[in-house]
Amino acid sequence: MSRKKNPKSKGAPAPATSALPASNGPRPAHPGTAFPGLQAPHNGPPQPSRTLLGGGGDFYDVAFKVMLVGDSGVGKTCLLVRFKDGAFLAGTFISTVGIDFRNKVLDVDGMKVKLQIWDTAGQERFRSVTHAYYRDAHALLLLYDVTNKASFDNIQAWLTEIQEYAQHNVVLMLLGNKVDSTQERVVKREDGEKLAKEYGLPFMETSAKTGLNVDLAFTAIAKELKQRSMKAPSEPRFQLHDYVKREVRGASCCRS
Ligand SMILES: Nc1nc2c(ncn2[C@@H]2O[C@H](COP(=O)(O)OP(=O)(O)OP(=O)(O)O)[C@@H](O)[C@H]2O)c(=O)[nH]1
Ligand SMILES: [Mg+2]
């Protein structure tokens, strides 16, 4: 992934031209066009089609683009790495440059759902790069860091940005990350819940370090997107809020 040492401790900003997808997936000609399985442009309802992606043998029925957004350092890259590889990136914080993505195919109730997950740079100087990608996102995971009050206070600004640049029907979820850091916590779970309720968002606390609720966050998004993509769903409508409330684990719990 395109990662760069935190500029707070090092030199000049990298040029925005480094904001290209990495070679770990298909390289789109334009943002949001890397969906061979999608029949509709941008974020219109994707039509199922069994597709073989690249040489990796990744069959899928339907594909969606999910974006991770939030302040620099909240743990977007770590969350993605935890979900994709089941590992935690400990040690020196290496800030993402521009934008990057990883693919993961999930089995959602018998259907192969491919998530193309875009990991954005939280740093202000890459904001214009990120703006260009919002338009094609089917879902957004908006993160703050429970040990960083400013990242929580900035959620409102992120929501304004999302309102301006994302599709009006984008699936949005609020995540309070780093709940393993109990000593350093400054944002209470209730505060996150209150904010989420105010904006009508599903909410959960996560830890990229322990894996708490990480799979759940992506699975919930995949279920919602899959349901939306089906013209005449045979099963009862998936209720994202109810599902999250039912499945979410507390920070004191050890399950992921
Ligand atoms: N304790 C703890 N540390 C975490 C967690 N997630 C991320 N970190 C640490 O927080 C720092 C920032 O994580 P990143 O994932 O690189 O943050 P980011 O949001 O991608 O930051 P930008 O790329 O600059 O936008 C790193 O030092 C991680 O090790 C977590 O769940 N728990
Ligand atoms: Mg990052």
Boolean, residue 169 is within 23 Å of residue 243 (Cα to Cα) and within 14 Å of the chain's Cα centre (by Cα): no
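Let's see how each residue does on (1) surrounded by fewer than 24 Cβ atoms within 10 Å (Cβ to Cβ); (2) more than 14 Å from ligand 1 (Cβ to nearest atom); (3) of a type in the set (Lys, Arg):
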site: 58; (1), (2), (3): yes, yes, no
site: 62; (1), (2), (3): no, yes, no
site: 72; (1), (2), (3): yes, no, no
site: 77; (1), (2), (3): no, no, no
site: 80; (1), (2), (3): no, no, no
site: 85; (1), (2), (3): yes, no, no
site: 89; (1), (2), (3): yes, no, no
site: 92; (1), (2), (3): yes, no, no
site: 95; (1), (2), (3): yes, no, no
Quick one: what pairs do we get from region 184-204, first residue without any contact (Cβ under 8 Å) to a residue 60 or more places away in the chain and more than 14 Å from residue 149 (Cβ to Cβ), second hydroxyl-bearing (Ser, Thr, Tyr) and outside any strand (DSSP E or B), C-beta under 9 Å, 6+ apart or different chains? 202/243
Just one listed residue, out of 144, 133, 165, is more than 21 Å from residue 238 (Cβ to Cβ), of a type outside the set (Asp, Glu) and in contact with a His (Cβ under 8 Å, 6 or more places away or on another chain), and it is 165
What about residue 184, is it closer than 23 Å to residue 72 by Cα and among the acidic types (Asp, Glu)? yes
Starting from region 75-88, take each residue that is at positive phi and list its partners that are open to solvent by 10 Å² or more (accessible area, probe 1.4 Å) and part of a loop (DSSP other than H, G, I, E, B), counting only C-beta distances under 7 angstrom and pairs at least six apart or across chains. 75/178
Name every residue in region 199-246 that is within 22 Å of residue 67 (Cβ to Cβ) and of a type in the set (Asp, Glu), in order of residue number. 205, 215, 224
For residues that are under 13 Å from the mean Cα position of the chain (by Cα), in contact (Cβ under 8 Å) with a residue 60 or more places away in the chain and under 10 Å from residue 72 (Cα atoms), tally how many sit in region 117-133. 1
Does residue 59 satisfy the criteria of being of a type outside the set (Gly, Ala, Ser), part of a strand (DSSP E or B), more than 20 Å from residue 204 (Cα to Cα) and at pLDDT below 95? yes
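The values are calculated or read from the model by the stated rules, or taken from the named source; none is laboratory data. Bear in mind that the values here come from a model prediction, so they are computed numbers and not experimental data. With ideal geometry, Cβ positions are generated from the backbone for all residues, glycine too; neighbour counts draw on all protein chains shown. Just the protein is used for accessible areas: all its heavy atoms, side chains included, with ligands, DNA and RNA removed. Shrake-Rupley method; radii C 1.70, N 1.55, O 1.52, S 1.80 Å.
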